[in-house]
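What follows is calculated from the coordinates using simple rules that are stated; it is not laboratory data. Since the structure is predicted, the reported quantities are computational estimates derived from the model, not experimental observations. A quick note on method: Cβ atoms are made from the backbone with ideal geometry, for glycine too, and the neighbour counts reach across all protein chains shown.
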Amino acid sequence: MKSIKIAITSMFLVISSYASAVEISSNVGLSSDYIWRGMTQTNGDIALSGGFDLSTDMGFYLGTWASNASAGTASMELDIYLGFSGEMAENMTYDIGYISVIYPGNDALDFEEAYVGFNIYGLSILYSDGQNDGPSYSEIGYSVDAGPGSFGISYGEYEDTGDNTLIGYDWNVGDFSLGFYYFDFEATAATMSDDDGAYVSLSRSF
C-alpha cells in the first residue's frame, strides 16, 4: 500500500499543475455476476459496482472503483488506480498504470499490479505484473463494431491460477450500456475448479 500512496500523492501534484484541464467522470453498474479473469467474485450472485475517475487532457488519470464481493470475511472490493494513456497513431493507443486491489476486512487478499496495455485497430494486448512476487496476468483480445453495438472476444492467462476465455456483446441503449457475456475458465491450480457460464450487465457513465 505504501507504494501506491506515494504514487497517488505524486499524481495529485502533477494534476494540480494542470487544474484547468481536469475532467471528473463516474460510473455505476449492475451485473448478474461479477466475473474477473474467468472467476466469480460474488459466488454467482448479483454485483453492484461504481467508481470515479479524474483525468487530464495530457493523459494522466486517477480513479477508484468498488463492488460487493464474497472473499472470505470481506464483502467488498475496492480498487485504486492511476496511470497514463494516450494515442501513438490513428487507431493505436496505449495505457500504462498501477492498481491496488483492497478487500476491507481481509487484508491477506490485498494485492497490487503494474500494467501496460495496447489497442491497435481493435486488437488489445494487456500485461499485468503482480507486485511483491504476485502472479502475472496476460491477455489478448479483439473487438469490432457489429450492428448497434460491439462484439468482443479475449483470452487470458493468470499465472499459477488458470486460463480464461470471454465472449461478449456490448449494446449502447440511450445513456446505458447493456452487455451479454459468456465465460470459460480452465484451472491450472490444484485448489481451483473449471467453470463456465453466462451473465449480463447494465452500466452507465456520467
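Taking Lys and Arg as +1 and Asp and Glu as -1, the other residues whose beta-carbon sits under 12 Å from that of Met192 total -4.
One quarter of the convex hull surface built on the alpha carbon atoms of the stretch 88-130 amounts to 3.5 nm², the projected area averaged over directions. Assuming a viscosity of 0.890 mPa s and a temperature of 25 °C, what translational diffusion coefficient in µm² per second does Stokes-Einstein assign to the stretch 136-178, Rh being the Kirkwood radius over Cα pairs? So the translational diffusion coefficient is about 210 µm²/s. Springs join every pair of Cα atoms under 10 Å in this Gaussian network model of the chain, and among Gly122, Gly72, Gly29 the largest mean-square fluctuation is at Gly72. With both residues required to sit in the chain, DSSP beta bridges show an antiparallel share near 100%.
Using the alpha carbon gyration tensor of the chain, what are the three equivalent-ellipsoid semi-axes (square root of 5 times each eigenvalue), largest first, in whole Å? Numbers along the way, then the final one.
Numbers: eigenvalues 132, 102, 65 Å².
The three semi-axes for the chain are 26, 23, 18 Å.
Between Phe151 and Ser138, the simple label model (points 7 Å from Cα in the Cβ direction) yields a spacing of 2.7 nm.
Based on Cα contacts under 8 Å between residues 6+ apart, the chain shows a relative contact order of 15 percent. Compute the signed sum of charges (Lys and Arg +1, Asp and Glu -1) over the other residues within less than 10 Å, Cβ to Cβ, of Gly63. Net charge in that neighbourhood comes out at -2.
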